[in-house]
Each structure stands twice: as structure tokens, then as C-alpha cells.
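The values are calculated or read from the model by the stated rules, or taken from the named source; none is laboratory data. Treat the numbers as computed from the prediction; the structure is a model and nothing was measured. Cβ atoms come from the backbone with ideal geometry, glycine included; neighbour counts cover every protein chain shown. Calculation scope for accessible area: heavy atoms of the full protein, side chains included, ligands and nucleic acids excluded. Shrake-Rupley method; radii C 1.70, N 1.55, O 1.52, S 1.80 Å.
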Amino acid sequence: MKLSIIIPVYNEELTLLEILKKINAIKLNKEIIIVNDGSNDNTKKILKTLSKKFYKKIIHHKKNYGKGAAIISGRKHISGDIVIIQDADLEYDPKDYKKLINPIIKKEYKVAYGSRVLKKSRYHNSKNFISLTRIFFNHFLTILSNIINNQNLTDAHTCYKVFLTDVFLKLELKEKGFAFCPEVNSRISRLNLQIKEISINYIGRT
């Protein structure tokens, strides 16, 4: 099976090359679609000099529209069987790809999320979450999302969301900003699909 990786990028000149190298090192049949969402640092210059081994397609937005808009642009170019969303800031580890896509490959689930807190103390990596306030609000918003969508997630706003492509293309995505996450949770709920949560190695910000 082929994995399509959509990478929304906004002002990630310090981490972009490193995350692409980490993804490239993963031995999977994959394609990488990078969406430069109006970066005003050196991101665009870096992308112009990038080796083709690091990407299938690069899309440039003329201005910053938001993460959701970048994902909507990227999904027009996917050709894989499974889709994963990857941030470019090194908070998440591509080494987790194989276990994230495994339940989809086995046809046990059609959607999988990487959870930063599953099987861990929610506050065990408080430095990586930047602040205790961020952890609290992540927990609060997850509880709210679960109530609204009748789900039982531990980390509703994780970046690592993985979909069978057929399901991903059925999601009528409209949100342009970070409301992408609650929108996806809601639309999956409407499709009556179960989400498999998998514990991931959340690196966090340094």
C-alpha cells in the first residue's frame, strides 16, 4: 500500500529539512506533498532547492490561509491508499508511521490517531507541551469534542491523523485554520466511523 503524506508548512525554515530527512528515512512506499502556506521566512527558498527525493509535489499559497486550507490544497494531489497529516516542526516522530497505518492496512479501522497521552500520565511531558495551561486546554477541548461527537478520544487535537484515502476524500472539509481538527472529528462521527488511537512518541518543542 502507498502512503500519502501531506505536510502543511508555515515559516519552518529551521526544521523543514530535518523533518523531510526523517520522513525519507522511513522505509515505506510513500509520496510527500508539501504545502507552503504563505511563509515569509526562508521556507520558500529552501523548497526551491529541495531534491526531488524529498517530495512528489510542492504547492505554494500566495498568503497564509491556515493549516486546514493547506490540507485541502494538498489532498487534491494524493494518489496513495492511506493519508497522514505531518507537521513540519519536529514535534512528531515519523518513526511512528508504521504502527499508525498498521490497523488500516489490516482493515481493522479506517481512521487512526496518534495520541500524545494514551498510556501515559497526561502531564508526563509538560515541557514538551510548552506549558501546563496548554495541556489543560488540550484535555478540556478533548472532553468537549468527545461529548459533542460521542467519541472516546484521549487526544482529539493531535496532528497525527491517518485515514484510508476513500474516507479522507469523503470528508467535506471547509475549515481553513486550526478548526480543521474539530471539523474532522465531527465529520468522522457523522460517518459513524471508529477511531483507533495509538500511543506515539511526542517529541515536543525545544
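Can you tell me how many residues within segment 23-52 are closer than 19 Å to residue 201 by Cα and within 15 Å of the chain's Cα centre (by Cα)? Residues that pass the stated criteria total 1. What is the number of the single condition among (1) of a type in the set (Gly, Ala, Ser); (2) in contact with a Lys or Arg (Cβ under 9 Å, 6 or more places away or on another chain); (3) crowded, with 18+ Cβ neighbours inside 10 Å that residue 79 does not meet? Result: residue 79 fails condition (3) only. Here residue 2 fits the description: out of contact with any Phe, Trp or Tyr (no Cβ under 9 Å at 6 or more places or on another chain), touching a residue at least 40 places away in the same chain (Cβ under 8 Å) and either farther than 24 Å from residue 178 by Cα or among the hydrophobic types (A, V, I, L, M, F, W, C) (or both). Residues that are open to solvent by less than 50 Å² (accessible area, probe 1.4 Å) and of a type in the set (Lys, Arg) within segment 153-206 comprise 161, 187, listed in sequence order.
Criterion applied to 90, 3 was being crowded, with 16+ Cβ neighbours inside 10 Å and on the phi > 0 side of the Ramachandran plot, and the one residue passing it is 90.
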